[in-house]
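Report on one structure; see the data block that follows.
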Amino acid sequence: MQYRKKPVIIEAMRVPIEATDGETAFMEGHGRIIGWAMLGGSDDFHVADDHGYDIHTLEGVMHASPGDWIIKGVQGEFYPCKPDIFAATYDEVSTATT
């Protein structure tokens, strides 16, 4: 049998990459991620040695490296996603309201 993923709009943020983002953007990016997680009710993000994050998920602790995406799931859970999988799975949507 085959299945199609239901069209669900998710929130996601990309873990900053120090070498390409510049120091100020790099630090601001981390601040946005931590604020986003805290507003989402999660204190389960821990900055890792590589400037990524260790995230407590339903499947255990998972690592988001710089350049990876962090996704907020439909039940408010957070989990990492590699850039190639993210690009193959998600399209950006407009947040403008009418």
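In a residue-by-residue description of segment 44-62, the property of being over 21 Å from P83 (Cβ atoms) and part of a helix (DSSP H, G or I) applies to no position. Only residues that are in contact with a Lys or Arg (Cβ under 7 Å, 6 or more places away or on another chain) and either in a helix (DSSP H, G or I) or at pLDDT below 85 (or both) were counted in segment 5-43, giving 1. Within segment 15-39, being free of Cβ contacts under 8 Å to residues at least 40 places away in the same chain and surrounded by 14 or more Cβ atoms within 10 Å (Cβ to Cβ) holds for D21, F26, G29, H30, I33, I34, W36.
Counting just the residues of segment 53-63 that are hydrophobic (A, V, I, L, M, F, W, C) and in contact (Cβ under 8 Å) with a residue 12 or more places away in the chain, which one comes out surrounded by the most Cβ atoms within 10 Å (Cβ to Cβ)? It would help to see each step written out before you state the result.
Pass one, segment 53-63, residues hydrophobic (A, V, I, L, M, F, W, C): 55, 58, 61-62.
Pick out the ones that are also in contact (Cβ under 8 Å) with a residue 12 or more places away in the chain and you get 55, 58, 62.
Values: I55: 21, L58: 10, M62: 17.
Per the stated criteria, the residue is I55.
With respect to D50, determine if the residue is surrounded by fewer than 13 Cβ atoms within 10 Å (Cβ to Cβ), closer than 28 Å to K5 by Cβ and modelled with pLDDT of 85 or more. The answer is no for D50. From the residues in segment 64-91 that are assigned to a loop (DSSP other than H, G, I, E, B) and touching a residue at least 60 places away in the same chain (Cβ under 8 Å), which one is nearest to P7 (Cα to Cα)? Per the criteria, the residue is Y90. Within segment 1-46, the residues that satisfy the criterion of being more than 20 Å from E92 (Cα to Cα) and charged (D, E, K, R) are E18, D21, E23, E28, D43, D44. Please work out which residue is surrounded by the most Cβ atoms within 10 Å (Cβ to Cβ), limiting yourself to segment 64-98 and to residues that are farther than 21 Å from I17 by Cβ, modelled with pLDDT of 85 or more and of a type in the set (G, A, S). Here the answer is G73.
The values are calculated or read from the model by the stated rules, or taken from the named source; none is laboratory data. Because the structure is predicted, anything quoted here is derived from the model rather than measured. Counting neighbours? That spans all protein chains shown, and the Cβs are built from the backbone with ideal geometry, glycine included.
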